[in-house]
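The values are calculated or read from the model by the stated rules, or taken from the named source; none is laboratory data. Just so you know, these numbers come straight off a predicted model, no measurement behind them. So basically every Cβ, Gly included, is an ideal-geometry build from the backbone, and we count neighbours across all protein chains shown.
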Amino acid sequence: MSALALLGGRPVLDRELDESAWPLVEDADVDAVVATLRSGRLSWLDDTEVPALEREWASYVGTSQCMALNSGTAALHAAVAAAGVGPGDEVLVPALSFLASATSVLHHQAIPVFVDVDPETFNIDPDDMEARITPRTRAVVVVHLHGLPADLDRITEVARGHDLVVIEDAAQAHGAEIDGRRVGSLGDIGAFSIMAGKNLPTAGEGGLLTTDRPELRDRAEMLKMFGERATTSGPREYHALTLGWNYRLSSVLAAFTRSQLSRLDRHIATVRKNAAHLSTILADLPGLSPPVEPAGHRHVYHHYRLRLDPDEAGVDLPVGTFRRAIQDAVTAEGVPLIEYQNRPLPGQVLFQAREGYGRGCPWTCGHTDRDVTYEPEDYPRTLDVIRSSLLVGRRLCMASLLRRENAERVGAAFTKVFSHLDEVRDHALTLDYQDPWLEETRLW
């Protein structure tokens, strides 16, 4: 096999892996958007596209209620508010996730309490979750990270024992399932993002909230629209009953997403097939572990995250240094590998400084009876996952594995690099490695 591209050899790919095709915009999507524009129904007062999207997504997920919002972050904030969370309350959040999983809690003046993750699924660890419950805990945000459903059976068991509301953060998990039931219907309330990079995209930003409890939908609706009770059946009262925002979704974006929804299952099936093919290739390489899919769980592979172990590969290197060297070598072959995230959420400056809204609120506003602090070392499995894992692709969307040839090329690049581990080790010895959360780098 030819020399590593990192050392001057010919790369597996002449140009970097093609991830340009997402979202896939077809004539039907354009027609749906144009028809909405021409209808003139562009205000929430006479819009038909947003209500239709809400009905269709509720039907798809398997809930009686759905509410569209203008971002996934807004959907999470609305879910936190609907759960009855207030100032000084504590909400459990996995230490490995996108920032919005935690800031949605801060948006309602509550305090995130972070939980370590399972080292194989990368999702919240139910046992550690239970250990971090206090009398002030009101809810748990359960992130289905990368498209793999978390252990909802065990999480729900713990939550019910402590009277906690279960909020599903399904921003990366449209169509994921446990035993045939789709995420977004498994907890008390679910939140999805439909930004343009997600498995179900819109033409920009958007979010969807799902629940079977009308009272939760009603509370979320007030947060969405200035604290008012939204109605199209009579004159608007312009009367705020609570603090609210403007989180309404555009009818044009709803029309685009409705059109995309008709092809979601087909895209999921394609990506799952290609991910399984890639996993079969990578499983033959000692020291590399493809993503897991526990029995009964349906992974939708919004991201494809793999783990590296130098001991299993027979390479005498610290795991972080080995990971960085593999990242350099495979990327040089034309297959980008990136980190997500490069530090645990509690290690971000927002939580280290605890300035919040200013003067330390909500941590210091007098509504809590304990000092919640954030030490990254308190989440050792999260740190280990960050230190030892990489994600395939640069865009972090379905485009990475939407084509069969992409899976083949990723597999070929790893196979080539793992056949040159002596050279990888030599390269690693030249690196000035620090753990990612100690570096001054961006999140992606």
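A few notes on this one:
- Check on Arg394, surrounded by fewer than 20 Cβ atoms within 10 Å (Cβ to Cβ), assigned by TED's automatic domain parsing to the domain that holds Ile268, in contact (Cβ under 8 Å) with a residue 40 or more places away in the chain and under 22 Å from the mean Cα position of the chain (by Cα): yes
- Screening the candidates Arg236, Arg217, Arg258, Arg248 for the property of being assigned to a loop (DSSP other than H, G, I, E, B), out of contact with any Gly (no Cβ under 9 Å at 6 or more places or on another chain), in the same structural domain as Val165 (by TED's automatic domain parsing) and surrounded by 18 or more Cβ atoms within 10 Å (Cβ to Cβ) yields one hit, Arg248.
- Reported count of residues in region 180-214, each being surrounded by fewer than 24 Cβ atoms within 10 Å (Cβ to Cβ) and either without any contact (Cβ under 8 Å) to a residue 40 or more places away in the chain or not assigned by TED's automatic domain parsing to the domain that holds Ser251 (or both), is 1.
- Meeting the requirement of 1 or more residues that are of a type in the set (A, V, I, L, M, F, W, C), within 21 Å of Pro214 (Cα to Cα) and modelled with pLDDT of 95 or more, the helices (runs of 4 or more DSSP H) wholly within region 23-133 are 49-61, 72-82.
- Count of region 20-47 residues, restricted to those that are farther than 21 Å from Ala230 by Cβ, among the acidic types (Asp, Glu) and surrounded by 14 or more Cβ atoms within 10 Å (Cβ to Cβ), is 1.
- Number of the exception - Glu440 against (1) of a type in the set (D, E, K, R); (2) surrounded by fewer than 16 Cβ atoms within 10 Å (Cβ to Cβ); (3) farther than 30 Å from Asp89 by Cβ; (4) at pLDDT 90 or above: (4)
- Whichever residue in region 220-233 is outside any loop (DSSP other than H, G, I, E, B) and touching a Lys or Arg at 6+ places or on another chain (Cβ under 9 Å) and, among such residues, is surrounded by the most Cβ atoms within 10 Å (Cβ to Cβ): Lys224
- Residue match in region 48-59 (condition: touching a residue at least 12 places away in the same chain (Cβ under 8 Å), touching a helix residue (DSSP H, G or I) at 6+ places or on another chain (Cβ under 9 Å), loosely packed, with under 14 Cβ neighbours inside 10 Å and farther than 30 Å from Thr270 by Cβ): yes
- Search result, residues across region 98-110 that are β-branched (Val, Ile, Thr) and buried (at least 23 other Cβ atoms within 10 Å of the Cβ): Val105
- Qualifying residue in region 274-288 (condition: free of Cβ contacts under 8 Å to residues at least 60 places away in the same chain and either among the basic types (Lys, Arg) or in the same structural domain as Arg55 (by TED's automatic domain parsing) (or both)): no
- Elements of type helices (runs of 4 or more DSSP H) contained in region 353-435, each with 1 or more residues being out of contact with any helix residue (DSSP H, G or I) (no Cβ under 6 Å at 6 or more places or on another chain) and under 16 Å from Ile338 (Cβ atoms): 380-388, 404-418
- Criterion: outside any helix (DSSP H, G or I), at pLDDT 95 or above and of a type in the set (Lys, Arg) - qualifying residue of Arg343, Arg307: Arg307
- Among the candidates Ala102, Ala78, Ala83, residue that is under 14 Å from Lys224 (Cβ atoms) and touching a Leu at 6+ places or on another chain (Cβ under 8 Å): Ala78
- Qualifying residue in region 411-425 (condition: of a type in the set (A, V, I, L, M) and closer than 30 Å to Arg266 by Cβ): yes
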